[in-house]
Amino acid sequence: MNTVCFAAWIEEITRTVHAEKDRLTRLDAAIGDADHGANLDRGFTAVSRVLAAKQPETTGAMLTMVGSTLIRNVGGASGPLYGMAFRQMGRVLGDTPDVSIAQLCTALEAGLAGIQKLGAATEGDKTLVDALAPAIQALAQSVQDGVKPEEAISAAAAAALAGAEATIPMLARKGRASYLGPRSVGHEDPGAASTALIFAALHAVTTR
(Lines give C-alpha, C1' and ligand atoms only; values in the text may rest on other atoms or scores of the structure.)
Protein backbone atom coordinates (compact mmCIF):
# COMPACT_ATOMS: atom_id res chain seq x y z
CA MET A 1 0.00 0.00 0.00
CA ASN A 2 1.40 3.38 -1.04
CA THR A 3 0.24 6.97 -0.66
CA VAL A 4 -2.15 6.59 -3.59
CA CYS A 5 -3.84 3.65 -1.88
CA PHE A 6 -4.07 5.46 1.45
CA ALA A 7 -5.50 8.56 -0.24
CA ALA A 8 -8.11 6.34 -1.91
CA TRP A 9 -8.91 4.84 1.50
CA ILE A 10 -9.48 8.26 3.02
CA GLU A 11 -11.68 9.31 0.10
CA GLU A 12 -13.70 6.10 0.46
CA ILE A 13 -14.11 6.73 4.19
CA THR A 14 -15.36 10.23 3.37
CA ARG A 15 -17.88 8.84 0.87
CA THR A 16 -19.05 6.05 3.17
CA VAL A 17 -19.42 8.24 6.24
CA HIS A 18 -21.42 10.76 4.22
CA ALA A 19 -23.71 8.00 2.94
CA GLU A 20 -24.16 6.54 6.43
CA LYS A 21 -24.23 9.73 8.50
CA ASP A 22 -27.96 9.54 9.19
CA ARG A 23 -27.69 5.95 10.44
CA LEU A 24 -24.75 6.86 12.66
CA THR A 25 -26.68 9.79 14.03
CA ARG A 26 -29.71 7.58 14.76
CA LEU A 27 -27.48 5.16 16.64
CA ASP A 28 -26.02 8.05 18.61
CA ALA A 29 -29.46 9.50 19.30
CA ALA A 30 -30.37 6.33 21.18
CA ILE A 31 -27.43 6.39 23.61
CA GLY A 32 -25.46 9.59 22.98
CA ASP A 33 -25.72 13.17 21.79
CA ALA A 34 -27.19 12.48 18.33
CA ASP A 35 -24.25 14.08 16.53
CA HIS A 36 -21.81 11.28 15.69
CA GLY A 37 -22.74 11.00 12.02
CA ALA A 38 -22.83 14.75 11.44
CA ASN A 39 -19.55 15.26 13.27
CA LEU A 40 -17.67 12.58 11.36
CA ASP A 41 -19.13 13.73 8.06
CA ARG A 42 -17.92 17.26 8.73
CA GLY A 43 -14.49 16.01 9.78
CA PHE A 44 -13.82 13.76 6.81
CA THR A 45 -15.22 16.35 4.41
CA ALA A 46 -12.60 18.73 5.81
CA VAL A 47 -9.94 16.05 5.38
CA SER A 48 -10.99 15.59 1.76
CA ARG A 49 -10.65 19.32 1.10
CA VAL A 50 -7.18 19.40 2.63
CA LEU A 51 -6.08 16.39 0.57
CA ALA A 52 -7.44 17.95 -2.60
CA ALA A 53 -5.46 21.12 -1.94
CA LYS A 54 -2.17 19.39 -1.23
CA GLN A 55 -1.52 15.67 -0.92
CA PRO A 56 1.38 14.86 1.43
CA GLU A 57 4.33 13.05 -0.11
CA THR A 58 4.50 10.25 2.46
CA THR A 59 1.95 7.95 4.04
CA GLY A 60 3.03 9.01 7.50
CA ALA A 61 2.55 12.69 6.74
CA MET A 62 -0.83 11.97 5.16
CA LEU A 63 -2.19 10.07 8.14
CA THR A 64 -0.82 12.66 10.55
CA MET A 65 -2.59 15.35 8.55
CA VAL A 66 -5.81 13.33 8.63
CA GLY A 67 -5.59 13.03 12.40
CA SER A 68 -4.84 16.69 12.96
CA THR A 69 -7.69 17.76 10.68
CA LEU A 70 -10.16 15.51 12.49
CA ILE A 71 -9.12 16.92 15.85
CA ARG A 72 -9.68 20.46 14.58
CA ASN A 73 -13.02 19.80 12.91
CA VAL A 74 -14.84 17.04 14.78
CA GLY A 75 -16.66 17.74 18.01
CA GLY A 76 -17.43 15.38 20.85
CA ALA A 77 -15.22 12.44 21.73
CA SER A 78 -14.81 11.06 18.22
CA GLY A 79 -12.57 13.88 16.97
CA PRO A 80 -9.85 13.43 19.59
CA LEU A 81 -10.11 9.63 19.51
CA TYR A 82 -10.00 9.13 15.75
CA GLY A 83 -7.57 12.00 15.44
CA MET A 84 -5.25 10.34 17.93
CA ALA A 85 -5.48 7.04 16.08
CA PHE A 86 -4.57 8.47 12.68
CA ARG A 87 -1.76 10.58 14.11
CA GLN A 88 -0.27 7.58 15.90
CA MET A 89 -0.47 5.57 12.69
CA GLY A 90 1.27 8.38 10.85
CA ARG A 91 4.09 8.49 13.37
CA VAL A 92 4.65 4.74 13.13
CA LEU A 93 4.64 4.62 9.33
CA GLY A 94 6.76 7.74 8.88
CA ASP A 95 8.45 7.84 5.50
CA THR A 96 7.69 4.19 4.60
CA PRO A 97 6.97 4.28 0.84
CA ASP A 98 5.21 0.94 0.51
CA VAL A 99 3.33 -0.29 3.56
CA SER A 100 2.98 -4.02 4.07
CA ILE A 101 0.05 -5.62 5.87
CA ALA A 102 2.32 -6.33 8.81
CA GLN A 103 3.34 -2.65 8.96
CA LEU A 104 -0.29 -1.58 8.67
CA CYS A 105 -1.14 -3.87 11.56
CA THR A 106 1.64 -2.36 13.68
CA ALA A 107 0.38 1.13 12.86
CA LEU A 108 -3.19 0.21 13.76
CA GLU A 109 -1.99 -1.27 17.05
CA ALA A 110 -0.34 2.07 17.83
CA GLY A 111 -3.59 3.83 16.96
CA LEU A 112 -5.53 1.55 19.29
CA ALA A 113 -3.01 2.14 22.08
CA GLY A 114 -3.43 5.89 21.62
CA ILE A 115 -7.21 5.62 21.79
CA GLN A 116 -7.06 3.50 24.91
CA LYS A 117 -4.64 5.87 26.58
CA LEU A 118 -6.92 8.80 25.81
CA GLY A 119 -10.27 7.16 26.55
CA ALA A 120 -9.28 4.40 29.00
CA ALA A 121 -11.63 1.95 27.25
CA THR A 122 -11.12 -1.78 26.91
CA GLU A 123 -13.02 -4.46 25.01
CA GLY A 124 -16.45 -4.95 26.51
CA ASP A 125 -16.96 -1.30 27.47
CA LYS A 126 -19.26 -0.69 24.45
CA THR A 127 -17.03 1.73 22.54
CA LEU A 128 -15.22 1.84 19.21
CA VAL A 129 -12.54 -0.36 20.81
CA ASP A 130 -15.00 -3.27 20.53
CA ALA A 131 -14.74 -3.03 16.74
CA LEU A 132 -11.15 -1.85 16.39
CA ALA A 133 -9.48 -4.41 18.63
CA PRO A 134 -11.03 -7.49 16.93
CA ALA A 135 -10.19 -6.06 13.51
CA ILE A 136 -6.55 -5.68 14.50
CA GLN A 137 -6.51 -9.15 16.03
CA ALA A 138 -7.88 -10.61 12.79
CA LEU A 139 -5.30 -8.71 10.77
CA ALA A 140 -2.47 -9.87 13.02
CA GLN A 141 -3.65 -13.47 12.74
CA SER A 142 -3.77 -13.16 8.97
CA VAL A 143 -0.20 -11.83 8.93
CA GLN A 144 0.89 -14.76 11.07
CA ASP A 145 -0.89 -17.20 8.75
CA GLY A 146 0.67 -15.60 5.67
CA VAL A 147 -2.59 -15.03 3.81
CA LYS A 148 -2.91 -12.64 0.88
CA PRO A 149 -3.22 -8.92 1.76
CA GLU A 150 -6.73 -8.61 0.35
CA GLU A 151 -7.85 -11.64 2.38
CA ALA A 152 -6.25 -10.20 5.51
CA ILE A 153 -8.09 -6.90 5.09
CA SER A 154 -11.34 -8.74 4.35
CA ALA A 155 -10.95 -10.65 7.62
CA ALA A 156 -10.27 -7.42 9.50
CA ALA A 157 -13.35 -5.74 8.01
CA ALA A 158 -15.53 -8.72 8.91
CA ALA A 159 -14.18 -8.74 12.46
CA ALA A 160 -14.84 -5.00 12.84
CA LEU A 161 -18.43 -5.44 11.69
CA ALA A 162 -18.97 -8.40 14.00
CA GLY A 163 -17.43 -6.43 16.86
CA ALA A 164 -19.75 -3.49 16.24
CA GLU A 165 -22.81 -5.74 16.17
CA ALA A 166 -21.62 -7.43 19.37
CA THR A 167 -21.98 -4.11 21.22
CA ILE A 168 -25.78 -4.27 20.94
CA PRO A 169 -26.34 -6.43 24.06
CA MET A 170 -23.54 -4.77 26.03
CA LEU A 171 -23.95 -2.47 29.00
CA ALA A 172 -21.99 0.73 28.33
CA ARG A 173 -19.21 1.38 30.82
CA LYS A 174 -17.51 4.32 29.12
CA GLY A 175 -18.55 7.52 27.40
CA ARG A 176 -21.89 9.29 27.23
CA ALA A 177 -23.77 6.00 26.89
CA SER A 178 -22.55 4.84 30.31
CA TYR A 179 -24.79 7.49 31.92
CA LEU A 180 -27.82 5.51 30.75
CA GLY A 181 -26.92 2.38 32.69
CA PRO A 182 -29.18 -0.56 31.71
CA ARG A 183 -30.92 1.57 29.08
CA SER A 184 -27.75 1.41 26.97
CA VAL A 185 -28.39 -2.30 26.40
CA GLY A 186 -29.98 -3.14 23.06
CA HIS A 187 -28.30 -0.43 21.02
CA GLU A 188 -25.26 -0.62 18.74
CA ASP A 189 -22.46 1.68 19.75
CA PRO A 190 -22.11 4.44 17.12
CA GLY A 191 -18.32 4.62 17.46
CA ALA A 192 -18.02 0.89 16.87
CA ALA A 193 -20.33 1.24 13.87
CA SER A 194 -18.20 4.01 12.34
CA THR A 195 -15.05 1.98 12.97
CA ALA A 196 -16.62 -0.88 11.01
CA LEU A 197 -17.30 1.57 8.17
CA ILE A 198 -13.66 2.66 8.16
CA PHE A 199 -12.51 -0.93 7.74
CA ALA A 200 -15.19 -1.58 5.13
CA ALA A 201 -13.79 1.38 3.19
CA LEU A 202 -10.30 -0.08 3.38
CA HIS A 203 -11.61 -3.40 2.12
CA ALA A 204 -13.41 -1.66 -0.75
CA VAL A 205 -10.31 0.13 -2.04
CA THR A 206 -8.04 -2.91 -1.75
CA THR A 207 -10.39 -5.16 -3.74
CA ARG A 208 -11.05 -2.85 -6.69
Practice problem: Averaging over all projection directions, find the projected area of the Cα convex hull of the stretch 107-208 and quote it in nm² with one decimal place. | Solution: 6.1 nm²
Practice problem: Tell me what the chain gives for mean residue ellipticity at 222 nm when only DSSP H runs of n ≥ 4 count, each as -39,500 (n - 2.57), the sum divided by the residue total, rounded to 500 deg cm²/dmol. | Solution: -24000 deg cm²/dmol
Quiz item: Could you give the accessible area per residue of the stretch 31-185, probe 1.4 Å, as a whole number in Å²?
Solution: 45 Å²
Quiz item: Taking the alpha carbon gyration tensor of the stretch 39-128, what are the square roots of 5 times its eigenvalues, largest first, to the nearest whole Å?
Solution: 21, 19, 8
Quiz item: How large, in Å, is the stretch 21-77 by the Kirkwood hydrodynamic radius built from its alpha-carbon pairs?
Solution: 12.0 Å
Self-check item: Residue-wise HN-Hα coupling along the stretch 93-102, computed from phi with Karplus coefficients 6.51, -1.76, 1.60 (Hz; x: Gly, Pro)
Solution: 7, x, 9, 4, x, 10, 8, 7, 5, 5
Exercise. Let me know the charge dipole size of the stretch 1-47 about its Cα centre in debye, to the nearest 20, where only the beta-carbon of Lys, Arg (+1) and Asp, Glu (-1) is charged.
Key: 60 debye
Quiz item: Just Ile136, Ile198, Ile168 to compare: in a GNM of the chain, with alpha carbon springs under 10 Å, which one fluctuates most?
Solution: Ile168
Quiz prompt | Modelled FRET efficiency - R0 22 Å, Asp33 with Arg183, Cβ distances, 0.05 increments | solution = 0.90
Quiz prompt | Charged-residue dipole, Cβ positions (Lys, Arg, Asp, Glu), the stretch 1-138 about Cα centre, Debye nearest 20 | solution = 320 debye
Quiz item: Suppose R0 equals 25 Å; then what is the FRET efficiency for Ala19 and Arg72 from their Cβ-Cβ distance, rounded to the nearest 0.05?
Solution: 0.60
Quiz item: What is the distance, in nm, between label points placed 7 Å from the Cα along the Cα-to-Cβ direction at Gln141 and at Val4?
Solution: 3.3 nm
Quiz prompt | Orientation-averaged projected area, Cα convex hull of the chain (nm²) | solution = 9.9 nm²
Self-check item: For the stretch 72-118 versus the stretch 137-191, the gap between their alpha-carbon centres in whole angstrom
Solution: 17 Å
Self-check item: In the chain, lysine pairs with alpha-carbon atoms under 28 angstrom apart (chain gap of 8 or more, or interchain)
Solution: 7
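The values are calculated or read from the model by the stated rules, or taken from the named source; none is laboratory data. Owing to the predicted nature of the structure, the values given are computational and were not obtained by experimental measurement. When we count neighbours, we look across all protein chains shown, and the Cβ atoms used for this are built from the backbone with ideal geometry, even at glycine. Side chains included, ligands, DNA and RNA excluded: accessible areas come from the protein's heavy atoms. Shrake-Rupley method; radii C 1.70, N 1.55, O 1.52, S 1.80 Å.
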